[in-house]
Every structure is written in C-alpha cells, then in structure tokens.
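Enquirer: Here you go, one structure.
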Amino acid sequence: MVSAVTDAHGHGKDRGQDHGHDHHGPAKGWRRWLYATNHKDIGTMYLVFSGLMFFIGGTMALVIRSELFTPGLQFVAPNVFNQMTTMHALIMVFGAVMPAFVGLANWMIPMMIGAPDMALPRMNNWSFWILPAAFSILMSTLFMPGGAPAGGWTMYPPLVLQTGDAFPFLIFSVHLMGLSSIMGAINVIVTIINMRTPEMSLLKMPMFVWTWLITAYLLIAVMPVLAGAVTMLLTDQFFGTSFFLAAGGGDPVMFQHIFWFFGHPEVYIMILPAFGVVSEIIPTFARKPLFGHDSMVYAASSIAFLSFIVWAHHMFTVGMPLTGQLFFMFATMLIAVPTGVKVFNWTATMWKGAMTFETPMLFSLAFLFLFTIGGFSGLMLAVVSSDIQYHDSYFVVAHFHYVLVPGSIFGIMAAVYYWLPKWTGHMYNEKLGQVHFWLSTIFVNVTFFPMHFLGLAGMPRRIPDYSTQFTDFNSIASIGAIGFGISQLLFVYIVVQCVRKRGSRASDTVWENPKGLEWTVPSPAPYHTFTQPPHVGAGAAFS
Amino acid sequence: MPGANSLALRLLAMALGMFGFGFLVLPPLYSVFCEITGLGGKTNQTAAVVAEAPDQGRSVKLEFVTAVNAYAPWEFHAGSDGMEITPGALYDTTFVAKNLANRSKIAQAVPSVAPQQAAKYFKKLECFCFTTQEFAAGEVKQMPVRFIVDSDLPAHIDTITLSYTFFDTERVSDASADLSHETAHERHSIH
Ligand code: HEM
Ligand SMILES: [Cu+2]
C-alpha cells in the first residue's frame, strides 16, 4: 500500500510544469479551476455547482408550487408545467444531490483516510467539467421548439418519444451525467482501496468513507444500465428499433423494468452518503463513539444489496402476477430491517451522551426524525394492496420528498456546517445557522406534510390543475415551499460570510474532541495534506 | 493489492459490462422470460398447432376489446360482442378495420389476454396479428382469428378478455402527416 501512495504521488511529476505549483499552492486565476487536479479545488467546484443547480431546480419547484397555489390555470400553460416537473427532478437528482455528495467525497475522503489527493486527479478534473456541459445541454432544451422534456424524469416511453427537438439532447445529457458519475465513482473506489494510510484497515475506515465506497459500487453497477435504457430510447426514435414499441414487437413496460433496476439503487445512491455524514456528526456532538460501527457497515452493505431486488415496487400497477407482487413487497419491506438497524444505532449513540446542539447536530437530528417518516411512508407504499391506491398520487410525492429533502439535502447541509470551518479556517455564524435550521425544518414540514393528505384524498401527481376540495392543503404546501426557498438564501449568506472569513477563527479540531484524521490537519486545511501517510493515532481512533 | 491503474481499468470493465447487460442482455432475456411465463398477457406470435379436445360441459365467456393507438388512422372493432366457448374446441371469429387515411397504410395489431394466467392457454392457429396488414386508402378489411383455448385452462377462470391494439407501423413523426389539421395542432401543444 505504501507503494501505491508513492505511485499516486508520481502523478505530480507527469504534470511537468504544474509540478512546481502543485506543491506550493494553487495556480492563479481561471487556470486553477479549469485545469484543477487538486481534490479540494475539485470538491469546491462540485459543491458550488451543486448549489447553483439547487437554486435553478428550486426556482422550477416554485413555478410548480405557484401554479398549484389555487385550482385553475394561473401562471403557466400545462405543457410548461410538465416541463417544470420533469426538469426540476432531473436537475435536483443529477445536478444538485449527486454532485454535492461527490463534492463532499472529494474534499473529505482523502483527508479522512490520510491520502494526499484522489487517486486519479486528471480523471477527477474531467468528471467535474463534464457536468456543466451536460446541464447546459439539458437546460438549453427549455428554449427549443417543442420545449424541454415534459414526460417526467422517469422518461417512460411511448410518452417520452413525443418530446420535441429536445429529445436527443435529453438523451445525450443523461449519457454525460452518467459518464461523470461513473468516472467519479471509479476515482472514489481506487482512492479508498489504494491510498489509505497503511494503518487504516477497511473496518477502521470512518462511516462516511464506508458509505461512499458502497455508493460508488452502486453507481458503477447501475449508471451504465440507465445509459443502456436511454440509448434504447434513442435507437427506437431514430434508428428503427422497437425495444419499447409494441407495434414492432417491443414492450413499453420493459423500459420501466430497466429504468427502475437503475432507479431504486439510485435512490440509495442519494441517501447512503447522507447516512455516512450523520454517522460522523452524531458521535461528535453526543461525545460518544458511534454505536455499532461494524453493524453499520453490514447494514449499509445489505441495503445496497437489497436495493437490486426491489425495483418493481415502482410498478405494482402495470400488471404483475401475485407471486411477483408478493416477492417485491416482502423484499422491499426487508430493507426496513437494515435501515432500522441504522436508526437504532444513531439513537443508541446519543443515549446518555453529553449532547450539544450546534447546527450540524440539529440538521442530523432532523434528518433522523424526518427521514424516518419518509421510511414509514415508503413502507406503506411497499404494501401492494395500498400502493395500488397511492401510486402516482401526491402520497408518493410526499414520500420521496421526505427522504430526499430532510434526508439527502439535510445530510448535505449538516456536512457543510460540520466541515466548513475546516475548509475555511473560520466558524460560520452559529446563531444564523440555527435560524436557518429552524426555518428549513419548519417549512419543509409545512411543504411536504400536507401532501400525504392530498395523496390519500386522491390528488394525482404531475397535474397543473386540481379539483377544489384539494385547495387548502395545496395552498399550505405552496406557502411552505416559498418559505423554504427563501430560507435557503440565508444558507448562501452564511456560507459566503464564512468563506469571506467573517467568523471567529476555527481551531484545528473545530469541535470538542472530534474523531477522524481530518481534524489533525490545520484549519483551514492546507492546499496539500498528508503528503506523508499519517499514523492512525489515539486522536483518530474509531471504535 | 492491484495498482491504481489496474483497479481503475477493472472498474471501467465492470461499468462497460453493466452497459452491455442493460443494452444487450436484458431485452432478449425479458422477451424469453415473458414468453415462457406468459407474463404481460402476451400470446403466441406465430401459428400454434393444437389438436381439438373439447372439454364438454365447461363454458367460458370470451370478451373482445379493440383499441387504436394514438394517431393511427383506423376504425377498428370486433365482429361480435363476445362469445361463449368450450375449452378445447376450435373457433373462428372476425375483426373489422377501416383505413381512414387517404393513402395506403400498414397496420400491426398487438394482442393481449387478460387475466394474464389465461394468456398461455389461449392458442391462436391463425391471426391477422401474425403479420402486418396493408390497407389501401379507405379500405375496409374483415380479418379472421382461429383459436383454441386449451382445456387445461385453470378452473377458476370463467371469463377471458382478448384485446387487440392497432398500431401504425410508421413512426409517430411520419404518421402525424395523416392527422387532420386540428389534431396535429393539438399534438403540437402537448409538447
Ligand atoms: C424504507 C425505505 C423505503 C421504502 C420501503 C420505499 C418504498 C417506495 C415505494 C414502494 C415507492 C413507489 C411508490 C409508487 O410509485 O407507487 C417509492 C417511490 C420513491 N421513493 Fe422510496 N422507499 C424507501 C426509501 C427511499 C429513499 C431512501 C429514497 C431516496 C433518498 C426514496 C426515493 C423515492 C423516490 C424518488 C420515489 C418516486 C419515484 C418516482 O416515481 O418518480 N425512497 N418508494
Ligand atoms: Cu424504490
């Protein structure tokens, strides 16, 4: 392993001229970013990109919620509304949540395993810079004849084949996003396997690193399947194949099978790194080691494995024999077991701990409660007989927003608050952070809780207009959404102030006696850390 | 432990393998799976050879459903409302279609049977769905189906629905030329 570390170091030499800069500090101006190979620079770019996408996707969500504030058609035509739901989902999933976690991985994984950088810095640069290209292509479709894709982010044929000129651009941008994710995942795995400081065995790795290792394998397994599915859409449309066209002997339902074979693991790709983040934060603020570290690893691995055999719970209504329904129902419910193990372990970590409630901890606690609500509604959806009623209703919208917003996104925000002082060398404004937390938590519930009732009462998803009995809950949800959106401006303000070094100086450990190698380097973390493999000493022990 | 590059290459191979799995392996696997199990209500797509063995004393209701896929310019219906059949006996029935376009068109009918468990017992000896059907402008066609419902049909099934959907074999983009001005306009606004 020592040789692997020196190996990766050798990359520096290949870069010839850059070599000098590389060891003394960043290049100046735009070159630093365009030619970036430093894991911290690339991590920063991922996070900034993700933040930008979060606001673009969020603006689209506000268009949706404004239209749904009252029944009738107010602001946008139905076709524009459908473009908004489709683009909102694509941008949030592939542009905001996934890149944010890759950004955190870039920043933190090398620092948590005592590596000098990511294993493949050149590829790292590519996997980031493909993303702005992919999303420029995707968003340019908003201005094309026929408009942006409007058939839903799930891209079901035959509807998606009616997309106008945007169609090939949609497919190409999905290909690019997949390429970026796969390259990022390969980088993460090679870094974790080959570049750990020699004293860190696999089971001694921090949970964030573990969950990312599992996530990266999921990405490599399923992103290519998505690429295959959209390629088939492309050939069906332009090259005369009939994979999904009934007239030519194909079957549109097959697309759903292939899509969800990707899609369900994808939802775990979006939550496992958040599990990792919370597993880092709760021990720090409970001042106790993570309860059941190894069982957490096994739980995450079994979640990843099970996520491959539950996909058809998204398609109970397409017509499936009873045995199939039962299999997918029970397999889905089985996932609740390892998920329950995790929730139990987090709770046990806090048990009798000396807890304090700084912003990262608050976000982690809200994660724990609200993600669990999303897990419960997921269990309700897993029951075939009830899913047949709930499917494609606002209940599903409530479910996945509970797991994604106070789940994945709160996980990301908790991570940002937790590590920001290490990145910038300054504390963020704790008071404002807590205000941001409370506003976000209140508004997220005001937005998404009423959607459960709407769904149970029968309001379908993806509609621009609704009958009048749904008005009250929709208005409440819209008010919550606007509140949530505005609250996030506060987040930007807090982060920007911290980056501009407006807070007090952060110490090297930042928090009280946190565990992990990242706290053994100075704050702000120097441009190059761990050029020599560190000892996994007492200060960085993982029990 | 493998070096960084060889591990990266192995992971890349894994990704390419999964692409191949999704793109090349899954679709044929899916068809074979559906064919063997009769899932998806798929019935035989080429003529079956079955001997008659009527199960006297048992009667099953057969219903017909016809549909025309979006934008396909046909009128399409069953020759009768439905029929009472005896499993194991041979029957003939007809479907009728009219080409509403002012040029010749080629259709493909896609059959489906509900409940799905009945699909593999519904054996077609002759069907207009085995091949494409060419229609001259405005042509009306009587199209026969000859079938046997296997007498092994599970006892709890007392009603079978046979449905056909008519598809235009031309792609959506070409087919829209046949639509009236208003519908073409409507289609555009769906975008
Ligand atoms: C205990 C764990 C979970 C269970 C049992 C579960 C179950 C389900 C079921 C049965 C559906 C399909 C509902 C329908 O369309 O009728 C569904 C949809 C969905 N779930 Fe989950 N889920 C779980 C966790 C998650 C997590 C962790 C995420 C993401 C972070 C997630 C994201 C989604 C999304 C995005 C959809 C909707 C996809 C769409 O149709 O657009 N779920 N879930
Ligand atoms: Cu799922």
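The values are calculated or read from the model by the stated rules, or taken from the named source; none is laboratory data. Remember, predicted model here, so these are calculated numbers, not experimental data. Using ideal geometry, Cβ is built from the backbone for each residue, glycine included, and neighbour counts are taken over all protein chains shown. These area figures cover heavy atoms from the full protein model, side chains too; ligands, DNA and RNA do not enter into them. Shrake-Rupley method; radii C 1.70, N 1.55, O 1.52, S 1.80 Å.
Enquirer: Could you list, in sequence order, all residues of segment B:109-142 that are β-branched (Val, Ile, Thr), closer than 17 Å to B:Phe64 by Cβ and open to solvent by 20 Å² or more (accessible area, probe 1.4 Å)?
Expert: Filtering segment B:109-142 for residues β-branched (Val, Ile, Thr) gives B:110, B:113, B:131-132, B:140.
The next check asks that each one be closer than 17 Å to B:Phe64 by Cβ; those that pass are B:110, B:113.
Scanning segment B:109-142 gives a single hit, B:Val110.
Enquirer: Mind checking which residues of segment A:124-148 are more than 10 Å from chain B (Cβ to nearest Cβ) and more than 30 Å from A:Arg32 (Cα to Cα)?
Expert: Applying the first criterion (more than 10 Å from chain B (Cβ to nearest Cβ)) to segment A:124-148 yields A:124-143.
Hits for segment A:124-148 are A:Thr141, A:Leu142, A:Phe143.
Enquirer: Could you please give the count of residues in segment B:1-52 that are at negative phi and assigned to a helix (DSSP H, G or I)?
Expert: Within segment B:1-52, residues that are at negative phi and assigned to a helix (DSSP H, G or I) number 35.
Enquirer: For residues in segment A:229-268 being open to solvent by less than 10 Å² (accessible area, probe 1.4 Å) and within 14 Å of ligand 1 (Cβ to nearest atom), which is farthest from the chain's Cα centre (by Cα)?
Expert: So, considering only residues that are open to solvent by less than 10 Å² (accessible area, probe 1.4 Å) and within 14 Å of ligand 1 (Cβ to nearest atom), the one farthest from the chain's Cα centre (by Cα) is A:Phe255.
Enquirer: Go through segment A:260-357 and tell me which helices (runs of 4 or more DSSP H), entirely inside it, have 1 or more residues that are free of Cβ contacts under 8 Å to residues at least 60 places away in the same chain and within 14 Å of ligand 2 (Cβ to nearest atom). Even if it seems obvious, please write down each step before you answer.
Expert: On the way: elements: A:272-286, A:293-306, A:322-350.
Because the criterion is at least 1 residues that are free of Cβ contacts under 8 Å to residues at least 60 places away in the same chain and within 14 Å of ligand 2 (Cβ to nearest atom), the helices (runs of 4 or more DSSP H) in segment A:260-357 that meet it are A:293-306, A:322-350.
Enquirer: Just to be sure before I move on: is B:Gly57 more than 23 Å from B:Gln133 (Cβ to Cβ) and open to solvent by less than 50 Å² (accessible area, probe 1.4 Å) in the structure I sent?
Expert: Working: more than 23 Å from B:Gln133 (Cβ to Cβ): yes; open to solvent by less than 50 Å² (accessible area, probe 1.4 Å): no.
Criteria not met by B:Gly57.
Enquirer: If I ask for residues that are facing chain A (nearest Cβ under 9 Å) and of a type in the set (S, T, N, Q), which ones from segment B:1-28 would you list?
Expert: Passing the criteria: only B:Asn5.
Enquirer: Same structure, new question: Can A:Ser364 be described as open to solvent by less than 20 Å² (accessible area, probe 1.4 Å), modelled with pLDDT of 95 or more and under 28 Å from A:Asn429 (Cα atoms)? Talk me through it step by step, then tell me what you get.
Expert: Numbers: open to solvent by less than 20 Å² (accessible area, probe 1.4 Å): yes; modelled with pLDDT of 95 or more: yes; under 28 Å from A:Asn429 (Cα atoms): yes.
Criteria met by A:Ser364.
Enquirer: Now, a different point. If the Cβ limit is 6 Å and pairs must be 6+ apart or interchain, which residue in segment A:150-161 that is more than 10 Å from every other protein chain (Cβ to nearest Cβ) pairs with which residue that is assigned to a loop (DSSP other than H, G, I, E, B) and crowded, with 20+ Cβ neighbours inside 10 Å?
Expert: A:Pro157/A:Phe244; A:Val160/A:Gly151
Enquirer: What are the residues in segment A:381-423 that are out of contact with any helix residue (DSSP H, G or I) (no Cβ under 6 Å at 6 or more places or on another chain), within 13 Å of A:Ile271 (Cα to Cα) and within 8 Å of ligand 1 (Cβ to nearest atom), if any?
Expert: Answer for segment A:381-423, where residues must be out of contact with any helix residue (DSSP H, G or I) (no Cβ under 6 Å at 6 or more places or on another chain), within 13 Å of A:Ile271 (Cα to Cα) and within 8 Å of ligand 1 (Cβ to nearest atom): A:Phe400, A:Leu404.
Enquirer: On to the next question. Tell me yes or no: at least one residue of segment B:29-41 is of a type outside the set (Phe, Trp, Tyr), facing chain A (nearest Cβ under 10 Å) and in contact with a Ser or Thr (Cβ under 9 Å, 6 or more places away or on another chain).
Expert: yes
Enquirer: Please determine whether any residue of segment A:333-354 is open to solvent by 30 Å² or more (accessible area, probe 1.4 Å), within 14 Å of chain B (Cβ to nearest Cβ), within 12 Å of ligand 1 (Cβ to nearest atom) and over 15 Å from A:Thr211 (Cβ atoms).
Expert: Pass one, segment A:333-354, residues open to solvent by 30 Å² or more (accessible area, probe 1.4 Å): A:333-334, A:336-337, A:340-341, A:343-344, A:347, A:351-352, A:354.
Right, trim to within 14 Å of chain B (Cβ to nearest Cβ) and you get none.
Among the residues of segment A:333-354, not one is open to solvent by 30 Å² or more (accessible area, probe 1.4 Å), within 14 Å of chain B (Cβ to nearest Cβ), within 12 Å of ligand 1 (Cβ to nearest atom) and over 15 Å from A:Thr211 (Cβ atoms), which makes the answer no.
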